Amino acid sequence: PHWNFTLLQQEAEAAWNKELGKIEVKGGRPDDQAIFYTALYHASLAPNLYTDVNGEYRGTDLKIHKANGFTNYTVFSLWDTYRALHPLMSIINRQRTTDWINTFLAHYKNGGMLPVWELSGNETFCMIGYHSIPVIADAYQKGVRGFDEQLALEAMLSYARSDRFGLKSYREKGFIANNDDHESVSKTLEYTYDDWCIAEFAHWLGKKDVAEEFRLRSKNYKNLFNPSTKFFQGKVYGFWFAPFYPSEVNNFYTEGNAWHYAFSVQHDMTHFMQLFGSRQNFAQHLNRMFTTTESLLGREQADVTGLIGQYAHGNEPSHHIAYLFNYAGQPQRTQELVHKICREFYTNAPDGLIGNEDCGQMSAWYVLSALGFYQVTPGSGFYELGTPLFDQAVIHLENGKDFIIKANRTHPDQFYVSDVQLNGQKHTASYMPHTALANGGTLTFELSSSPSSSWGTALADLPTTSVADSGFLPVPFFEMDSYKSTTEQYVKLGHLYTDATLYYQLSDAKSKGKSFIQYKEPFRINQTTTVSVYAEWNGIKSPVVEQLFYRLPQDKTITVESKVHPMYTGGGMTALVDGITGTTNWKTGDWHSYFNQDFVAVVDLLKVKNVSYLGVHVLQDVSPWILYPESVSFEASTDGKNFSPVTVVKNQVEKEQRSASVQVLGTSVRVNARYIRVRAKTGGALPSWHESAGSPSHLFIDEVIIK
């Protein structure tokens, strides 16, 4: 109202000084304080106010509502921010956290669902999971109130029990396969953590049945753990997708690869580590992530930056992993890596971040880590200890108390923890409860130049998360390389629990209707057959998993002259002449892609035959850059050297068609030939309406049809 620019500037500076002054740091290297307060500033920019002066806002139903008793916000990048930004805010911005949760519930009341990635009153669905739930659960565990708890649980269940994004298959089978929905490994893993948060929240509210339902769901990560590779590996139907390269960025993972999701079981670390046989084996696998010389393979992914081995600090799925050495009894390794990341990946420069800020998440990781702790599992009620950058930090809490962090060292480069005191008492654990922070007090680190052999290494001093195994049994898996064969196959079954009893049923023409029989050894199939399997163990029965095994024809071979895209190889070249055609779901792994080029191949019929039909089965899905070929031409030869034109079939479907579709571009012919050369001409540039208009396109093909 005063229209005084100088005064307005002073008020703005005072407001920011108050906000940034919630944490005061002293000491460190010359740039450390500038980096720290820049990070705290970044972490304070979102979510944004989305309420008019009279309390009105536009809801996700695009109607005008009024915020009663709370302030409405927008910009919820929850896939990113549930990991560190919101845990940080639950310490220094608890009242705003209440407003954010009430905003979530307004989204549910107005638009029918909790936010996934909301922007200006619109749900974008641009990321995965339902990560507003851990924000609510973590805040509630830390004593944040002022919202309708029963409505919050109702909203959680509404999303988790829906059929969105593979959830139907997740509930029925215990995992998502890529034929159900893409990025299936990441979705399965992130759903299990979100479900654990629901189980905890329901438990706190006294809803035992709900807590039990979601406790069991939170164990589903085991259904995608391949004991042979020690990775969470994608499945198509019930089969491990092969070939498997853990460093490959592909459609089984969200903005990452198998390494980046290799440790995404924050809520059940005790049982997860048991899958490696011992704590030492787990530590070796964990360390391998940071030391491997494997190169990134597969799709170009701009988010995967800040690499230490295959650890990618520039993207969120990696953010908790350096702290997992605490769980393995090697806190010195956590200290080394956290110190390295803080020093090398955050600088006082315009390009001072190693990756996308993502609405404050990248900086919130730094703020917490620079203070000396981090929350691996929001909702758990404790923080893992790392190593502080500053000589002293004071967190001014909203309850009027201060939590002080001190670092005693003789040189600024000393970062190994030799001892810790909490409120003057010796603290040997490599973690601390949130209550210690919330009540105010002093955390003192003694730092040295060499790692301690004793602090934080005793079993009783290790952080742990655990979800009871009772009542849960993973599904069996197929220990085979392929579900397609030109000869008879021996079906070999496996299970995560070696003492589980497995049962199978065949549904080929001869076996249809027969009941399940116990699996004792690999069994033979010699025709196209569906195999259904389940496991029993300690009175528990797993869900049933089905796999269709194909007996392939042997009447032709194919030689492809074009270069197949390494991300979409369809399981090999024989897939182009196996008689099997795919659906509009291009993410199953059944399709071949030829990017920015024609598809050229020669089919050998093995002898001269009378050919009556020629065609190719192709896919168009313009949004992910897949266009039908402009035309397909066929040539015939009896000797493989001299080819004569047979026919040309032109595509009649426009690029403007936005929905996914498949078609056969083919026609009847009359020719005697042993060799057929097919050339599918690229669909060219993406149409003008596309966000990447003018860019080259993919040509997706899964079958050359010759009758």
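The values are calculated or read from the model by the stated rules, or taken from the named source; none is laboratory data. Since this is a predicted model, take the numbers as computed values, not measurements. Cβ sites come from the backbone with ideal geometry, for glycine too, and all protein chains shown count toward neighbours. These area figures cover heavy atoms from the full protein model, side chains too; ligands, DNA and RNA do not enter into them. Shrake-Rupley method; radii C 1.70, N 1.55, O 1.52, S 1.80 Å.
Being free of Cβ contacts under 8 Å to residues at least 12 places away in the same chain and either open to solvent by less than 50 Å² (accessible area, probe 1.4 Å) or of a type in the set (S, T, N, Q) (or both) narrows it down to one of S363, S380, S453, S418, so name that one.
Details: S363 fails: free of Cβ contacts under 8 Å to residues at least 12 places away in the same chain; S380 fails: free of Cβ contacts under 8 Å to residues at least 12 places away in the same chain; S418 fails: free of Cβ contacts under 8 Å to residues at least 12 places away in the same chain.
After applying the criteria, what remains is S453.
Checking K230 against (1) more than 24 Å from G570 (Cβ to Cβ); (2) touching a helix residue (DSSP H, G or I) at 6+ places or on another chain (Cβ under 7 Å); (3) open to solvent by less than 10 Å² (accessible area, probe 1.4 Å): exactly one of these is not met. Which one?
Status for K230: all satisfied but (3).
Of the numbered conditions (1) in contact (Cβ under 8 Å) with a residue 12 or more places away in the chain; (2) over 20 Å from T254 (Cβ atoms), E344 satisfies every one except a single condition; which is it?
Looking at each condition in turn, E344 falls short on (1).
How about the range 254-275: which of its residues are of a type in the set (A, V, I, L, M), assigned to a loop (DSSP other than H, G, I, E, B) and open to solvent by 10 Å² or more (accessible area, probe 1.4 Å)?
Pass one, the range 254-275, residues of a type in the set (A, V, I, L, M): 258, 262, 265, 269, 273, 275.
Now restrict to residues that are assigned to a loop (DSSP other than H, G, I, E, B): 258, 262, 265, 275.
Correct list: L275 only.
Name the strands (runs of 3 or more DSSP E) wholly within the range 490-568 that hold at least 1 residues that are among the basic types (K, R) and open to solvent by 20 Å² or more (accessible area, probe 1.4 Å)? Steps first, please.
Values: elements: 501-506, 523-525, 529-537, 545-551, 557-560.
Passing ranges, in order: 523-525, 545-551.
If G329 satisfies every condition in (1) in contact (Cβ under 8 Å) with a residue 24 or more places away in the chain; (2) within 20 Å of the chain's Cα centre (by Cα) but one, which is the exception?
(2)
Could you give me the residue pairs with C-beta distances under 7 Å whose first residue belongs to the range 561-573 and is in contact (Cβ under 8 Å) with a residue 40 or more places away in the chain and within 18 Å of V602 (Cβ to Cβ), whose second residue is aromatic (F, W, Y) and part of a loop (DSSP other than H, G, I, E, B) wherever it lies, and which are 6+ apart or on separate chains?
G570/W591
Confirm whether T428 is open to solvent by 20 Å² or more (accessible area, probe 1.4 Å), farther than 25 Å from Y193 by Cβ, among the β-branched types (V, I, T) and modelled with pLDDT of 95 or more.
Working: open to solvent by 20 Å² or more (accessible area, probe 1.4 Å): yes; farther than 25 Å from Y193 by Cβ: yes; among the β-branched types (V, I, T): yes; modelled with pLDDT of 95 or more: yes.
Here the answer is yes, as T428 does meet what is asked.
Please determine whether any residue of the range 143-165 is of a type outside the set (V, I, T), within 30 Å of S470 (Cα to Cα) and within 15 Å of the chain's Cα centre (by Cα). Write out each step before concluding.
Here is the first cut: in the range 143-165, the ones of a type outside the set (V, I, T) are 143, 145-165.
So of that shortlist, the ones also within 30 Å of S470 (Cα to Cα) come out as 143, 149-165.
Keeping just the survivors that are within 15 Å of the chain's Cα centre (by Cα) gives 165.
Scanning the range 143-165, I find at least one residue that is of a type outside the set (V, I, T), within 30 Å of S470 (Cα to Cα) and within 15 Å of the chain's Cα centre (by Cα), so the answer is yes.
Have a look at R670, R658 and point out the one that is under 27 Å from D590 (Cβ atoms) and of a type in the set (K, R).
Details: R670 fails: under 27 Å from D590 (Cβ atoms).
Testing whether each residue is under 27 Å from D590 (Cβ atoms) and of a type in the set (K, R) leaves just R658.
For the range 601-635, enumerate the residues that are open to solvent by less than 10 Å² (accessible area, probe 1.4 Å) and either touching a Ser or Thr at 6+ places or on another chain (Cβ under 6 Å) or among the polar types (S, T, N, Q) (or both).
If the condition is that a residue be open to solvent by less than 10 Å² (accessible area, probe 1.4 Å) and either touching a Ser or Thr at 6+ places or on another chain (Cβ under 6 Å) or among the polar types (S, T, N, Q) (or both), then Q620, L627, F634 are the ones that fit.
State which residue pairs qualify: first residue in contact (Cβ under 8 Å) with a residue 24 or more places away in the chain and farther than 30 Å from L216 by Cβ and inside the range 474-500, second residue small (G, A, S) and open to solvent by 50 Å² or more (accessible area, probe 1.4 Å) in any location, beta carbons under 8 Å apart, and separation of 6 or more residues or different chains.
What qualifies is S482/G571; K484/G571.
Please specify each residue of the range 281-303 satisfying the condition of being part of a helix (DSSP H, G or I) and farther than 21 Å from H319 by Cβ.
Step one: filter the range 281-303 for residues part of a helix (DSSP H, G or I), giving 281-291.
Scanning the range 281-303 gives N281, Q284.
Would you pick out the residues in the range 1-33 that are aliphatic (A, V, I, L, M) and either open to solvent by 40 Å² or more (accessible area, probe 1.4 Å) or in a loop (DSSP other than H, G, I, E, B) (or both)?
To start, the set of residues in the range 1-33 that are aliphatic (A, V, I, L, M) comprises 7-8, 12, 14-15, 20, 23, 25.
If the condition is that a residue be aliphatic (A, V, I, L, M) and either open to solvent by 40 Å² or more (accessible area, probe 1.4 Å) or in a loop (DSSP other than H, G, I, E, B) (or both), then L7, L8, A12, A14, A15 are the ones that fit.
Could you pull out every one of the strands (runs of 3 or more DSSP E) wholly within the range 356-439 that has 1 or more residues that are over 28 Å from L189 (Cβ atoms)? Spell out how you get there, then give the answer.
On the way: elements: 382-385, 392-396, 402-408, 416-422, 431-433.
Passing ranges, in order: 392-396, 402-408, 416-422.
How many residues are in contact with a Ser or Thr (Cβ under 9 Å, 6 or more places away or on another chain), closer than 30 Å to T188 by Cβ and not β-branched (V, I, T) if we restrict to the range 442-471? Can you show your working first?
Let us first name the residues in the range 442-471 that are in contact with a Ser or Thr (Cβ under 9 Å, 6 or more places away or on another chain), namely 445-452, 454-458, 460-467.
Imposing the further condition that a residue be closer than 30 Å to T188 by Cβ reduces the set to 462-467.
Next, from what is left, pick out any that are not β-branched (V, I, T): 462-463, 466.
Total satisfying the criteria: 3.
Quick one: how many residues across the range 90-120 are under 25 Å from the mean Cα position of the chain (by Cα) and touching a residue at least 60 places away in the same chain (Cβ under 8 Å)?
Counting residues in the range 90-120 that are under 25 Å from the mean Cα position of the chain (by Cα) and touching a residue at least 60 places away in the same chain (Cβ under 8 Å) gives 1.
So in the range 569-585, with the set limited to residues that are open to solvent by less than 30 Å² (accessible area, probe 1.4 Å) and within 21 Å of Y245 (Cβ to Cβ), which one is modelled with the highest pLDDT?
Out of the qualifying residues, it is A575.
Just to verify a result, which residue in the range 320-355, among those that are assigned to a helix (DSSP H, G or I) and of a type in the set (D, E), is most open to solvent (accessible area, probe 1.4 Å)?
Filtering the range 320-355 for residues assigned to a helix (DSSP H, G or I) gives 321-326, 331-344.
From what's left, of a type in the set (D, E): 336, 344.
Values: E336: 51, E344: 102 Å².
Residue satisfying both the conditions and the ranking: E344.
Table: residues versus (1) of a type outside the set (A, V, I, L, M); (2) outside any loop (DSSP other than H, G, I, E, B); (3) in contact with an Asp or Glu (Cβ under 6 Å, 6 or more places away or on another chain); (4) open to solvent by less than 10 Å² (accessible area, probe 1.4 Å).
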site: N54; (1), (2), (3), (4): yes, no, no, no
site: D61; (1), (2), (3), (4): yes, no, no, no
site: T71; (1), (2), (3), (4): yes, no, yes, no
site: T103; (1), (2), (3), (4): yes, yes, no, yes
site: I136; (1), (2), (3), (4): no, yes, no, yes
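Just one of the numbered conditions (1) touching a residue at least 40 places away in the same chain (Cβ under 8 Å); (2) assigned to a loop (DSSP other than H, G, I, E, B); (3) farther than 24 Å from E149 by Cα is not true of T38; which one?
If we test T38 against (1) touching a residue at least 40 places away in the same chain (Cβ under 8 Å); (2) assigned to a loop (DSSP other than H, G, I, E, B); (3) farther than 24 Å from E149 by Cα, just (2) comes out false.
Considering F239, F231, F263, F276, which residue is touching a residue at least 24 places away in the same chain (Cβ under 8 Å), of a type in the set (F, W, Y) and either under 27 Å from D138 (Cα atoms) or in contact with a Cys (Cβ under 6 Å, 6 or more places away or on another chain) (or both)?
Numbers: F239 fails: either under 27 Å from D138 (Cα atoms) or in contact with a Cys (Cβ under 6 Å, 6 or more places away or on another chain) (or both); F231 fails: either under 27 Å from D138 (Cα atoms) or in contact with a Cys (Cβ under 6 Å, 6 or more places away or on another chain) (or both); F276 fails: either under 27 Å from D138 (Cα atoms) or in contact with a Cys (Cβ under 6 Å, 6 or more places away or on another chain) (or both).
Just a single option satisfies the conditions, and that option is F263.
Conditions first: (1) farther than 17 Å from C342 by Cβ; (2) surrounded by fewer than 13 Cβ atoms within 10 Å (Cβ to Cβ). T81 passes all but one, so which condition is the exception?
If we test T81 against (1) farther than 17 Å from C342 by Cβ; (2) surrounded by fewer than 13 Cβ atoms within 10 Å (Cβ to Cβ), just (2) comes out false.
Residue by residue through the range 388-441, note down the ones that are among the hydroxyl-bearing types (S, T, Y), out of contact with any Asp or Glu (no Cβ under 9 Å at 6 or more places or on another chain) and farther than 24 Å from D138 by Cβ.
Start the filter on the range 388-441 by keeping residues that are among the hydroxyl-bearing types (S, T, Y), which leaves 410, 416, 418, 428, 430-431, 435.
Still in the running and out of contact with any Asp or Glu (no Cβ under 9 Å at 6 or more places or on another chain): 410, 435.
Scanning the range 388-441 gives a single hit, T410.
Is there a residue in the range 654-677 that is open to solvent by 50 Å² or more (accessible area, probe 1.4 Å), closer than 19 Å to D578 by Cα and in contact with an Asp or Glu (Cβ under 8 Å, 6 or more places away or on another chain)? I'd like the intermediate steps shown before the answer.
Filtering the range 654-677 for residues open to solvent by 50 Å² or more (accessible area, probe 1.4 Å) gives 654-659, 662, 664, 668, 670, 672, 674, 677.
The next check asks that each one be closer than 19 Å to D578 by Cα; those that pass are 662, 664, 674, 677.
Retained after the next criterion (residues that are in contact with an Asp or Glu (Cβ under 8 Å, 6 or more places away or on another chain)): 674, 677.
Checked against the condition, which is being open to solvent by 50 Å² or more (accessible area, probe 1.4 Å), closer than 19 Å to D578 by Cα and in contact with an Asp or Glu (Cβ under 8 Å, 6 or more places away or on another chain), the range 654-677 yields at least one hit.
Can you pull out the residues in the range 126-142 that are within 19 Å of the chain's Cα centre (by Cα) and at pLDDT 95 or above? Full working, then the answer.
Step one: of the range 126-142, the residues within 19 Å of the chain's Cα centre (by Cα) are 126-135.
Passing the criteria: M127, I128, G129, Y130, H131, S132, I133, P134, V135.
Go through the range 166-180 and report how many residues are open to solvent by 10 Å² or more (accessible area, probe 1.4 Å), in contact (Cβ under 8 Å) with a residue 60 or more places away in the chain and under 18 Å from the mean Cα position of the chain (by Cα).
The qualifying residues number 1.
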